[in-house]
Structures are given as structure tokens and as C-alpha cells.
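Before any comments, here is the structure.
The values are calculated or read from the model by the stated rules, or taken from the named source; none is laboratory data. Keep in mind that this is a model prediction, so the values were computed, not measured. Don't worry about glycine lacking a Cβ; one is built from the backbone with ideal geometry, like all the others, and counts go over all protein chains shown. These accessible areas exclude ligands, DNA and RNA; they are computed on the full protein's heavy atoms, side chains included. Shrake-Rupley method; radii C 1.70, N 1.55, O 1.52, S 1.80 Å.
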Amino acid sequence: MDDGGRTGTIFNIQRFSIEDGPGIRTTVFMKGCPLRCVWCHNPEGIEGRKQLMWFDVRCIGARDCLKACPLGALELGKGGMRIDRERCDGCGLCQEACPAGAIEVVGRRITAREAFEEVARDEAFYRNSGGGLTVSGGEPTMQPAFVAELMELCREAGIPTALDTCGYCADDSLERLLPLSDMALIDLKLMDEAKHLELIGVELAPVKRSAATISHAGIPVWVRTPIIPGCTDTDGNIAAIAGFIKSEMPNVERWDLLSFNNTCGSKYQRLGMTWELDGAALITKARMEELADVARSSGCDVHWAGVTKSEKAQE
Ligand code: SF4
Ligand code: SF4
């Protein structure tokens with residue numbers, strides 16, 4: 001039902017986040033993303049609609065969920081739970097019926113005011129740490145009316161706002177949200193056009209255009225780059241991003257390199273999705289430091305974070 005954007009679909013509200021902008025923040029994760037990064041660490045954020053996760057280790061075979069489903073979308077056999085995801089409308093009756101908590105609906109519809117009330121709980125922490133609200137995803141510009149209302153409510157309450165975008169945005173959505181954002185975070189992942197299309201699923205040009213728009217909005221900008229083995233982890237890629245930042249993005253205050261995390265395979269499994277990077281090795285600390293040195297040629301304040309493989313394990 002179209003309610004003019006008063007409600008949005010989110011998949012998480014993360015309190016006490018210290019990675020999504022300055023200070024202590026609450027990050028609201030919007031559901032739905034136009035990209036298809038092969039390494040995506042938040043696969044539950046890709047689809048815009050609600051989805052079921054089934055936890056095989058929790059399932060006790062009670063079958064209450066099957067009886068509860070009005071659409072006959074569930075089947076439990078020897079190979080586990082088969083979910084007809086086309087048929088399922090995310091009503092949540094199976095989740096309510098399961099005595100073991102083995103089925104969860106990912107995604108909830110929420111009004112901007114309800115989201116604001118959750119965000120406002122930590123107002124004292126924001127004030128003391130220089131933090132605030134970050135709207136992330138998924139991709140927040142896909143639900144612009146909801147995000148605009150949430151940001152307006154925060155600003156009225158004196159809570160600083162940040163927009164965290166993948167850069168593949170409709171121009172009018174970005175133009176609507178930037179004046180409501182006290183800062184922006186944007187992902188720059190790959191500068192090779194063919195690889196961008198192959199590994200991220202969309203063309204690079206619109207991302208570059210959004211990056212230029214954001215960096216001329218007169219607000220501080222942080223860039224983030226996931227360092228993914230075999231995808232984004234070459235000196236050439238990082239040097240190309242550094243060159244782009246240097247020539248096109250005068251407002252970048254900080255650039256974070258985020259190392260590949262291989263712990264999200266189980267999320268893919270629970271969502272009935274395949275993860276192409278299952279089993280891929282972590283990056284070493286030494287390699288992250290080398291890439292950070294390449295990134296410093298941009299003149300930015302460069303940081304790196306995330307899990308790394310120990311040098312010993314590499315031998
Ligand atoms: S932009 Fe982020 S949420 Fe979207 S597919 Fe890529 S990694 Fe996943
Ligand atoms: S969420 Fe609703 S439609 Fe989907 S499987 Fe559960 S009960 Fe059936």
C-alpha cells in the first residue's frame with residue numbers, strides 16, 4: 001500500500017554504532033539495494049520486501065509453522081525447510097507459531113516517527129560524543145520520503161544526521177536528502193568499469209556522478225572501500241580511487257578501508273541464497289597496511305578496520 005512514504009521497510013536499528021560516522025550513532029538500515037555486490041555482507045538488505053530466515057540448528061521439527069501458513073509456502077522435508085519465496089508475503093504467522101524460534105521474518109514496516117523515537121533514546125550519547133543518526137542499508141535513497149521525514153524529525157530534536165549511500169541513487173532522491181544530512185558516507189569500491197558491472201551489477205558512471213554531487217554539497221564526506229580478495233584488493237584499484245578522490249571530491253575528510261569478512265555465509269544459507277565468496281580467505285594485516293599506504297596518496301585521513309588473517313595462518 002502506498003502511503004506516500006510515511007512508512008519504510010528496515011531490517012535493523014543498530015544502537016551504539018561507532019563505525020558509521022563520528023561519535024556514537026544509531027544506524028537505521030533500510031531494506032532494498034540496487035547493487036548486487038558479490039561480496040555483500042548484508043544480504044538481508046538487498047531485497048526490498050520482507051524475507052524469511054530459517055535456522056536449521058534451532059528447528060525441532062514441530063511443524064507448527066506449516067500449519068500456521070495460510071499460503072502453503074512452507075514444506076519441511078529431509079533436506080530441511082523449503083520456502084516458496086515467491087508465494088510468501090512475509091505475514092509472520094509462521095514466526096509467531098514456531099515454538100523454537102527457528103523462523104524469523106527479516107524486515108519490518110515502521111513509521112518515520114517510530115524510528116525517530118528509537119533513535120532519540122540515545123540523544124545524550126550523541127551530544128557527548130559528537131554522534132547522531134546514520135541512515136544506511138541496503139540503500140537509503142530508495143525510500144526517500146521515509147528517510148527525509150526521519151532526518152527532519154532528528155534535526156528538529158537537535159540530533160545530527162548522516163546519509164550512508166552506495167552511490168547508485170536517483171538524482172532527485174539524493175538532492176532531496178543531502179540538504180537534510182549533516183554529513184555523508186559513500187562507498188567507492190571499484191574504478192574499473194567492466195569489473196564494476198561484473199562484480200557489482202551496475203555501471204560505474206552513476207556512482208561517480210553521485211560522488212561528485214555529494215562532495216559539492218558543502219558537508220563533510222567519508223569514503224568507504226570494502227577490501228575484497230580478488231575483487232577490490234589491488235594497488236591499481238586503490239590508486240585509481242585515490243586519484244578520483246583527489247581530483248573530484250574536495251570535501252572528503254576520511255577514507256576507510258574495510259577488510260573482507262567471511263562470517264556471513266550462514267546468513268546467505270538462511271535466506272536460501274548462494275554466496276560466491278564462501279570459503280574465500282581473509283586479507284592479512286600487512287596487506288591492509290600496504291593498501292592503506294597506497295590510499296594515503298589521496299591526501300585523505302586513511303583508516304582501515306575489520307578482521308584479518310594472522311600472518312602465521314598464512315604460511
Ligand atoms: S551496496 Fe552494500 S547492501 Fe548493496 S549489494 Fe553492495 S554490499 Fe550489499
Ligand atoms: S511469513 Fe506468512 S506467508 Fe510466509 S511462510 Fe510464514 S506464514 Fe507463510
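See the values below:
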| quantity | calculated |
| --- | --- |
| Selection count, the stretch 208-239, where residues are part of a helix (DSSP H, G or I) and more than 16 Å from L177 (Cα to Cα) | 6 |
| Flag for M1 being at pLDDT below 95 and either within 30 Å of K189 (Cβ to Cβ) or more than 16 Å from ligand 2 (Cβ to nearest atom) (or both) | yes |
| Pair list, Cβ < 6 Å and 6+ apart or interchain, from the stretch 283-312 residues that are on the phi > 0 side of the Ramachandran plot to residues that are modelled with pLDDT of 95 or more | G306/L258; G306/S259 |
| Single match in G32, G45, G23, G92 (criterion: within 11 Å of ligand 2 (Cβ to nearest atom), surrounded by 14 or more Cβ atoms within 10 Å (Cβ to Cβ), at pLDDT 95 or above and small (G, A, S)) | G92 |
| Positions within the stretch 108-160 being assigned to a helix (DSSP H, G or I), among the hydrophobic types (A, V, I, L, M, F, W, C) and over 17 Å from S181 (Cα atoms), in sequence order | A124, F125 |
| For N262: the one exception among (1) part of a loop (DSSP other than H, G, I, E, B); (2) in contact with a Leu (Cβ under 9 Å, 6 or more places away or on another chain); (3) exposed (fewer than 15 other Cβ atoms within 10 Å of the Cβ) | (3) |
| Unique match (being hydrophobic (A, V, I, L, M, F, W, C) and part of a strand (DSSP E or B)) among V302, V307 | V302 |
| Test result for K78, over 23 Å from S266 (Cβ atoms), open to solvent by 50 Å² or more (accessible area, probe 1.4 Å) and free of Cβ contacts under 8 Å to residues at least 40 places away in the same chain | no |
| Residue, least open to solvent (accessible area, probe 1.4 Å), within the stretch 5-20, restricted to residues that are hydrophobic (A, V, I, L, M, F, W, C) and assigned to a strand (DSSP E or B) | I10 |
| Test: residue in the stretch 178-193 that is part of a strand (DSSP E or B), open to solvent by 10 Å² or more (accessible area, probe 1.4 Å) and acidic (D, E) | yes |
| Exclusive hit being touching a residue at least 60 places away in the same chain (Cβ under 8 Å), out of contact with any His (no Cβ under 7 Å at 6 or more places or on another chain) and surrounded by fewer than 21 Cβ atoms within 10 Å (Cβ to Cβ), set A145, A162 | A145 |
| Matching residues in the stretch 129-147 - criterion: being touching a helix residue (DSSP H, G or I) at 6+ places or on another chain (Cβ under 8 Å) and more than 16 Å from ligand 1 (Cβ to nearest atom) | G131, G132, L133, P144, F146 |
| Which numbered condition G107 misses (of (1) more than 16 Å from ligand 1 (Cβ to nearest atom); (2) buried (at least 20 other Cβ atoms within 10 Å of the Cβ); (3) at positive phi) | (1) |
